[in-house]
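The values are calculated or read from the model by the stated rules, or taken from the named source; none is laboratory data. Worth saying up front: this structure is predicted, and the values here are computed from it rather than measured. Positions of Cβ are generated from backbone atoms using ideal geometry, with glycine treated the same way; all protein chains shown enter the neighbour counts.
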């Protein structure tokens, strides 16, 4: 019995190691060692270093961004581009958000190649947030475009290629809106490649296309040697509120390919998004794909024809598998029917299916309980420094749940019945996912097909069913495993217990094949071993450091002045962990943000809030239009916030009046202006009805008053501002 127990321990350890290493299945290309006519990340990074200079934040319409733009123009000239500079005070809104943002934006546009033809548009933004230098977001895109331009210099092109370096993406995709609405070149674009980042490491994922996607996928498949993409990401991306410039560009019937790196989000929108952290392999991967697409379109003259929808999935970043959506859904339906019939023919279906359902449910419950209990003793994002430890605890919980289900519920079920029941459940899961994200069905075809072929062949060669099961497990691991690794990166903020059933998808068929070993373990020892596995996994997560020099805690300090009440607060926006200050701190919601943060009373440091002077008002059908002149009073960002019960239709500037999106019922209405040009700018707001609205006008400027020095000094060693820099905020009420 000891030998059997040790064997099972080794199996569990191997499974946990496989789950930890699934993301490593994709090997990124290294930059070339010497001169090459191919993409060179080191050369591209050197240009980016010259552009970023001292690596200070350079938000839209700021002196720092003026300097970055000047250096970018110099680099554009050096690679053979002759930029045209546009200048617009533009605004943009979002379909699913009650926010309209405005700023003065200066886009840099350069075209090479013939005059005639539909343009290939290569797009990246050169502004950063207020919090960091943006080496990844979107320096990686800027560097990629410049290196691509340098490698195209002197080549005979079959169609025009336009390089767009836009400003204002970080504050609301404003540069993209200005290009779309004001630049006549937008009418001549046929294909777009957009480059973005939500981190500093990892592969460059092609995560979004236009719909239908046949032309985009055909081009991508033919051109790129190291593809990394799947049709599930586009469907899931459409369900979340995140956005890139493609959100604006998608209004046109262009063929679109959208790329991003997403590794180590803890540096995203922070001072950690710097050149030292930007992985040259990530830059190389993004650059190779962009250059390959550009050469295929502009030199080889590739013009893939349009068509319907396609399913697609890369295999270990080496090959892209593509098939028509209708064919994929039909195959999934056939597989579902096959395993339903097979399970029925093998009789006694209830217990195997009950065991499979119990395995998934128990995996989820144990992971949820583990994270719940650990959350009671550890506050904040305790997994940031070592996320792999927490995900391993989740998968240890999943394995424990599966062992309990197979050892207790399925004690008398044969491997053959459990195989059929698992793959029936797997196909049913794929069918359910296809209802909301049809692109996800691509992951539910090859593994069960291998299993089905093994079952059919076993009628003549009995051992082929086991061979089919092993092949199915391997196919599942090399396709679903890396995708799960990327999903872990995307959802790094948790809740991590949601990964448990996804991990169970990979682990359960392996343990089904090892059921004879599980059956030889006495139930009491199996249950005790499962409990130990859960405890050890979450104990490791509890002991791992929460933050590190590389992966720091989000910790932004603000001084907030209420001009009407004549009172001030210190606030800390972090992950919810207690702040290391001796004072009466409480979690509250302030008028300028719906996110709760730590706050305590601060000294009175009177600051003038921004002002909005009503210069015109006129009635419109069912409402009224207000024209306001803004006075910044030192603020870099001015926000006019209306309560949820108000109904605003649109906001913006002349020529860029943008409708408000749907939002949620409790969302506030926000009209925002960013940059120096907001001082004296005219902003229009269209409100429904004639009733007065009480706005909160908020001004934000980077930096803290001298009185904040003790707070800054006491900030934890491995903590830094993220998603916003340390700031001084002043607000007042305004009735209009």
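Summary table below
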quantity: Per-region count, the range 689-715, residues part of a loop (DSSP other than H, G, I, E, B), surrounded by fewer than 17 Cβ atoms within 10 Å (Cβ to Cβ) and at pLDDT 95 or above; calculated: 2
quantity: Checklist (1) part of a helix (DSSP H, G or I); (2) surrounded by 15 or more Cβ atoms within 10 Å (Cβ to Cβ); (3) at pLDDT below 95 applied to residue 380, failing item; calculated: (1)
quantity: Residue among 245, 187 that alone is over 21 Å from residue 434 (Cα atoms) and out of contact with any helix residue (DSSP H, G or I) (no Cβ under 6 Å at 6 or more places or on another chain); calculated: 187
quantity: Residue in the range 619-657 that is nearest to the chain's Cα centre (by Cα), counting only those that are on the phi > 0 side of the Ramachandran plot and outside any strand (DSSP E or B); calculated: 655
quantity: Options 211, 226: the member that is crowded, with 20+ Cβ neighbours inside 10 Å and either at pLDDT below 95 or touching a helix residue (DSSP H, G or I) at 6+ places or on another chain (Cβ under 7 Å) (or both); calculated: 226
quantity: Residue in the range 464-472 that is surrounded by fewer than 19 Cβ atoms within 10 Å (Cβ to Cβ), touching a residue at least 60 places away in the same chain (Cβ under 8 Å) and in the same structural domain as residue 379 (by TED's automatic domain parsing) present; calculated: no
quantity: Residue check for residue 73: over 30 Å from residue 485 (Cα atoms), part of a helix (DSSP H, G or I) and touching a helix residue (DSSP H, G or I) at 6+ places or on another chain (Cβ under 7 Å); calculated: no
quantity: Any chance residue 261 is in contact with a strand residue (DSSP E or B) (Cβ under 9 Å, 6 or more places away or on another chain) and farther than 22 Å from residue 180 by Cα; calculated: yes
quantity: From the options 646, 691, 687, residue that is free of Cβ contacts under 8 Å to residues at least 60 places away in the same chain and touching a strand residue (DSSP E or B) at 6+ places or on another chain (Cβ under 9 Å); calculated: 646
quantity: From 426, 443, residue being surrounded by 20 or more Cβ atoms within 10 Å (Cβ to Cβ), touching a strand residue (DSSP E or B) at 6+ places or on another chain (Cβ under 9 Å) and in a helix (DSSP H, G or I); calculated: 443
quantity: Residue match in the range 505-522 (condition: without any contact (Cβ under 8 Å) to a residue 12 or more places away in the chain and surrounded by fewer than 22 Cβ atoms within 10 Å (Cβ to Cβ)); calculated: no
quantity: Those residues of the range 285-303 which are part of a helix (DSSP H, G or I) and more than 20 Å from the chain's Cα centre (by Cα), in sequence order; calculated: 288, 291, 292, 293, 294, 295, 296, 297, 298
quantity: The range 588-618, residues that are in a strand (DSSP E or B) and buried (at least 16 other Cβ atoms within 10 Å of the Cβ); calculated: 597, 598, 599, 600, 602, 611, 612
quantity: Flag if residue 320 is closer than 20 Å to residue 44 by Cβ and either touching a helix residue (DSSP H, G or I) at 6+ places or on another chain (Cβ under 7 Å) or in a loop (DSSP other than H, G, I, E, B) (or both); calculated: no
quantity: Hey, residue 306 within 30 Å of residue 33 (Cα to Cα), surrounded by fewer than 21 Cβ atoms within 10 Å (Cβ to Cβ) and over 15 Å from the mean Cα position of the chain (by Cα) or not; calculated: no
